[in-house]
Each structure stands twice: as structure tokens, then as C-alpha cells.
Amino acid sequence: MKEALEKIIAEVREHAPGLDNRAAFEAYKATIQGPHGSLTAVMKSMGKVPKEDKPAMGKLINEAKGAVTEALSAALAGIEAAELTAKLGPAIDPTLPASEPVRGSLHPIAQVREEMVALFQRIGFSVAEATEVETEHYCFDALNIPQDHPARDMQDSYYLPDELHMENVGKHADEKYLLRTHTSTVQIRTMLERKPPIRIIAPGRCFRRDTPDATHSANFHQIEGLYVDREVTLTDLKATLDHFVKTIFGAKARTRLRPSFFPFTEPSFEMDFYSPDLGKLSNKWLEIMGCGMVDPEVFKSVGIDPEVYTGFAFGMGIERIAMILQGVDDIRYYYQNDLRFLKQFA
Ligand code: DAH
């Protein structure tokens with residue numbers, strides 16, 4: 001029996017180190033320690049050993065088991081190490097420089113907004129903000145927009161459920177909440193908070209029930225402007241907007257005011273411009289914003305005396321300006337988050 005055990009040990013020590021994968025390892029292990037394995041067979045033969053020899057034989061078997069287990073464990077450790085290396089791939093050099101990180105950039109709409117805001121800040125306007133959820137009062141009534149105006153139609157605006165309750169919006173019991181349809185709401189909220197002189201611009205999101213197409217999006221952005229003081233005149237409005245257009249679209253750009261109507265300004269205008277440096281759009285009159293002198297009714301709704309103060313206001317779509325500047329012919333590109341589009345403005 002002793003010779004048989006020594007032979008098994010020698011055999012395992014010689015064969016095990018050559019095993020190079022788990023399947024071969026398990027198959028080989030079974031030939032030694034499995035139910036029909038060689039070591040198992042020797043252990044089974046213990047039954048036939050005379051009683052007085054049993055302690056010595058038992059010791060030999062235990063030693064043999066230990067030796068075999070040790071050789072097999074060493075082989076298994078080698079196989080596991082090889083498997084890990086295969087999973088990790090080749091060794092790397094940690095001293096090499098890292099690959100370039102992917103850099104983000106401002107969204108093209110945000111870029112144009114920032115440019116416009118900075119321009120107005122340089123001439124003394126500060127940024128004002130207000131809620132996107134509004135009440136009919138701030139969105140319409142205070143702006144002198146009558147009850148039967150089409151913008152107030154359920155089909156044109158996003159009204160919110162009556163049960164909704166929002167803090168600090170200041171809703172009267174008989175009016176509805178809606179998502180603001182223009183940034184002109186910020187005129188009202190600002191004039192209620194501060195006394196003239198007031199010189200603000202209000203960039204922000206607006207919402208209308210429009211079916212999306214190349215020039216319409218249900219969610220879009222505007223910049224509102226408001227200047228209220230003693231003796232603000234139409235000349236101030238024209239000079240401010242001329243400066244805006246020439247800064248954004250080039251010094252050779254020209255502007256014109258066309259009579260129009262808005263309930264919150266009197267007189268009201270559409271402002272158009274053209275520029276010789278606009279590629280396909282060069283030398284065409286393009287409409288870019290609504291503007292006018294603040295209507296006395298609006299001053300009355302916020303408690304400012306129209307006999308003492310005058311003011312001008314204007315409002316324009318940021319997407320419209322961005323599309324002209326960036327040569328984009330479909331507003332929907334701005335909202336698709338397609339990196340091939342966005343990267344062109346990075
Ligand atoms: N609120 C108007 C709109 O959404 C734009 C506008 C026109 C704003 C004239 C003004 C303004 O401040 O004076 O179409």
C-alpha cells in the first residue's frame with residue numbers, strides 16, 4: 001500500500017503542473033480523488049488491512065491526501081491566474097498620458113442667449129426671472145390682454161388643473177394656472193417688486209400649443225426687455241434695438257420699425273432688419289421682434305403712474321435669432337440632442 005501511495009503522489013506531482021485549463025484539471029482530479037479515483041481505491045482498501053496496521057496505514061493515507069491536495073491546489077492556482085490575465089488583457093503602462101476626455105459645450109440656444117444677455121448687460125440691463133407656471137392675471141390681464149384674445153384660448157395655451165396649488169404664485173380663486181406663453185409676464189412681476197428706474201432683460205422658456213414644424217416648437221425661448229424711467233422715449237427704444245442688431249448681426253445691418261399691435265404697448269411695432277453679411281439671408285428684411293412703448297394700462301395694473309413714467313418693452317424668440325445666426329433652417333434640430341448637430345457649434 002505504501003508503494004501504491006508513493007506512486008500516486010509522484011504521478012500527481014509530475015502531471016498536475018502541466019494542466020492548463022479547468023476542464024482538464026477537473027477530469028484529472030477525478031482520476032485521483034473521484035469515486036473511481038486511484039487514491040479513493042487505496043482508501044477503500046483500508047478495510048482489508050489488519051487491525052494492528054491500521055494506525056500506521058491511516059497516517060500514510062493522510063500524508064498522501066495532503067501531498068495530493070497540495071499539488072492539485074498549486075495547479076488550480078496557476079489555472080486561475082491564467083484566466084484572470086486573459087480577462088484583464090495585456091499589461092498596461094500607467095505612466096502613459098490618458099486619452100482625451102470628451103468635452104461638453106454650451107447648447108447652441110444657450111450660446112446665443114448668453115451672447116444676447118451679455119450685450120444688454122453691457123448697456124445697463126440686468127437679468128430678471130420669474131416662474132414658468134403662471135396665472136392668467138400675470139400672463140394676460142395685467143398686460144391688458146382682453147378676455148376674448150385668441151392667446152387665451154384653451155387650444156393655444158397649456159392650462160393646468162384647477163386642483164394644483166403652488167406657493168408664491170399669487171393666484172386668485174377664479175383664475176387658472178397655465179404655462180407662460182411669453183416672457184412678458186416678467187415685466188409685470190418685476191414692476192410689482194421694484195420702483196423705477198427699471199432696466200431688465202428676461203430670458204426664459206415659453207410654452208404654446210403649437211404643432212411642431214420647421215419654425216414652431218411647443219417649448220421655446222424668448223428674451224424680454226423692459227426700460228421704465230422718467231422721459232424714456234421711442235428714440236431710446238430705436239437706439240437700443242439698433243445697437244442690439246448691429247452687435248449681433250454686424251455693423252452694416254439696418255433696422256426698421258413697422259407699425260403693429262400688442263395690447264401691452266402703445267404705439268407698437270414689429271422690428272425688421274437686414275444685413276449684407278448673412279449668407280442666404282443677406283439683404284432680405286427679416287422680422288425679429290415685437291416692441292413698443294409700455295401702454296398706460298399696464299402701468300396702472302402695477303401701480304406705476306403713467307403721468308410720471310414712460311417706458312419701452314420688446315420681446316423676441318431666441319430660437320429665431322439663433323437660426324438666423326447659425327444658418328439652421330429647422331427649429332426641431334435644437335431639441336433632438338443629436339451630437340452630430342450640436343458639435344458643429346461647440
Ligand atoms: N410678448 C410678445 C409675444 O410673445 C412679444 C412682445 C411684443 C413683447 C411686444 C414685448 C413687446 O415686450 O413690447 O409675441
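Would you point out which residue out of Ser282, Ser268 is at pLDDT below 95, open to solvent by less than 60 Å² (accessible area, probe 1.4 Å) and under 25 Å from Arg113 (Cβ atoms)? Quick ask: steps written out before the conclusion?
Numbers: Ser268 fails: at pLDDT below 95.
So the residue among Ser282, Ser268 that is at pLDDT below 95, open to solvent by less than 60 Å² (accessible area, probe 1.4 Å) and under 25 Å from Arg113 (Cβ atoms) is Ser282.
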Which condition breaks for Val232 when tested against (1) assigned to a loop (DSSP other than H, G, I, E, B); (2) open to solvent by 10 Å² or more (accessible area, probe 1.4 Å)?
-> (2)
Residues that are in contact (Cβ under 8 Å) with a residue 12 or more places away in the chain and out of contact with any helix residue (DSSP H, G or I) (no Cβ under 8 Å at 6 or more places or on another chain), drawn from the stretch 19-52 = Ser45
Is there a residue being open to solvent by less than 60 Å² (accessible area, probe 1.4 Å) and more than 30 Å from Phe314 (Cβ to Cβ) anywhere in the stretch 87-102?
-> yes
Looking across the stretch 255-291 at residues that are of a type in the set (Ser, Thr, Tyr) and farther than 27 Å from Ala142 by Cα, the single one that is farthest from the ligand (Cβ to nearest atom) is Ser282
On the given criteria, is Phe120 touching a strand residue (DSSP E or B) at 6+ places or on another chain (Cβ under 6 Å) and surrounded by 12 or more Cβ atoms within 10 Å (Cβ to Cβ)?
-> yes
Gly292: over 24 Å from Pro196 (Cα atoms), at pLDDT 95 or above, in the same structural domain as Gln187 (by TED's automatic domain parsing) and in contact with a strand residue (DSSP E or B) (Cβ under 7 Å, 6 or more places away or on another chain), yes or no?
-> no
Quick check: anything in the stretch 150-165 open to solvent by less than 70 Å² (accessible area, probe 1.4 Å), away from the ligand (no atom under 15 Å from the Cβ) and either touching a residue at least 40 places away in the same chain (Cβ under 8 Å) or under 23 Å from the mean Cα position of the chain (by Cα) (or both)?
-> no
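The values are calculated or read from the model by the stated rules, or taken from the named source; none is laboratory data. Remember, it's a predicted structure, so these values are computed and weren't measured experimentally. Reconstructed Cβ throughout: ideal geometry from the backbone, glycine too, with neighbour counts over all protein chains shown. Only protein heavy atoms, including side chains, enter the accessible area calculation; ligands, DNA and RNA are left aside. Shrake-Rupley method; radii C 1.70, N 1.55, O 1.52, S 1.80 Å.
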